[in-house]
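I have placed the structure first, in the form of structure tokens, so that the comments after it can refer back to it.
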Amino acid sequence: MREIDLDSLLTLALHLADAAGAVIRPYFRKPLAISDKPDLTPVTVADRAAEKTMRALIEARFPKHGILGEEFGRVREDAEFIWTLDPIDGTKSFISGIPLFGTLIALTLDGRSILGVIDQPVLRERWVGVAGRPSTLNGAAIRCRACPTLFATTPDMFNGEDAACFARVSAAAKLTRFGADCYAYGLVATGFVDLVLEASLKPYDFCAMVPIVEGAGGVATDWRGGSLHLASDGRILVAGDRRLHGAALALLGD
């Protein structure tokens, strides 16, 4: 990777997380209107206000950078640097009062993630990954582990052959759990979860976790073992070590 000022970019990413958290916290476990998007997933004023806040900060600091956000789409998608934003990954948990959602912030260079933040604004937990550096949770270095516990957000994300693939991996795992959204990736990086297998994800769902997991010693790829980037197909395999990752890939390929 060419020389870039990662520190100034990270400073902005952390500022984005602070600003989004300040918007989101007052809405948590409070009555609020819930709308359905065209894909029938829920969205709230908190999602939209948090993303608007982050986009405004990026525009003010790096007006030539691209932005890809869940709620307000793409601008300058041909830019060398593109920020991916998911203001509330896990809106269903958010509206249910469950603190297993998070704000996802990533910066890609030529399509590949060079920094990522998973911020849980209610629990005040923040995972940070930067290319070439150890990942951290609230400033402390973290490491993955190797033990076959499998996570996925929901079994509903697997259809057709994808469902059969998931079933093979799940059958080989010691424990399978659902429902943590982005929080599961943070738990992989911290050494409490060992494997996450998901499908139908968008770049703003997975770009932030890539440098976090890799900086903690884990592996993050697509289902064919290829590196993740903005054009990936949304099938994600994340493991705490290469042995476990290889075993899961073999099951996916059966």
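Under 25 Å from L197 (Cβ atoms) and either buried (at least 23 other Cβ atoms within 10 Å of the Cβ) or touching a helix residue (DSSP H, G or I) at 6+ places or on another chain (Cβ under 9 Å) (or both), is that true of L68? Yes: the conditions hold for L68.
Among the conditions (1) open to solvent by 40 Å² or more (accessible area, probe 1.4 Å); (2) modelled with pLDDT of 90 or more; (3) assigned to a strand (DSSP E or B), R177 misses just one, which is (2). Scanning the range 216-227 for residues that are of a type outside the set (D, E) and open to solvent by less than 20 Å² (accessible area, probe 1.4 Å) yields A216, G218, V219, A220, T221.
Close contacts from the range 239-254, counting a first residue that is exposed (fewer than 15 other Cβ atoms within 10 Å of the Cβ) and a second that is charged (D, E, K, R) and assigned to a helix (DSSP H, G or I), with Cβ to Cβ under 8 Å and a gap of 6+ residues or different chains, come to D254/R168. Exactly one residue out of L57, L137, L85 is open to solvent by less than 10 Å² (accessible area, probe 1.4 Å), closer than 26 Å to D5 by Cβ and among the hydrophobic types (A, V, I, L, M, F, W, C), and it is L85. Sub-6 Å Cβ pairs linking a first residue in the range 91-119 that is more than 16 Å from V23 (Cα to Cα) and in contact (Cβ under 8 Å) with a residue 60 or more places away in the chain to a second residue that is assigned to a helix (DSSP H, G or I) and open to solvent by 20 Å² or more (accessible area, probe 1.4 Å), at least 6 apart or interchain, are L100/Y183; L115/L10, ordered by first then second residue. Within the range 182-215, the set of residues being open to solvent by 30 Å² or more (accessible area, probe 1.4 Å), over 19 Å from L115 (Cα atoms) and not hydrophobic (A, V, I, L, M, F, W, C) comprises S200 only.
What strands (runs of 3 or more DSSP E) lie completely within the range 32-138 and have 3 or more residues being not hydroxyl-bearing (S, T, Y)?
Values: elements: 34-36, 42-44, 66-69, 73-75, 81-89, 102-109, 112-120, 125-130.
Correct list: 66-69, 73-75, 81-89, 102-109, 112-120, 125-130.
In the range 144-170, of all residues being under 23 Å from E214 (Cβ atoms) and assigned to a loop (DSSP other than H, G, I, E, B), the one that is modelled with the highest pLDDT corresponds to C144.
The values are calculated or read from the model by the stated rules, or taken from the named source; none is laboratory data. These numbers come from a predicted model, not from an experiment. Glycine also receives a Cβ, built like all others from the backbone with ideal geometry; neighbour counts cover every protein chain displayed. Remember, those area values only see protein heavy atoms, side chains included, never the ligands or the DNA or RNA. Shrake-Rupley method; radii C 1.70, N 1.55, O 1.52, S 1.80 Å.
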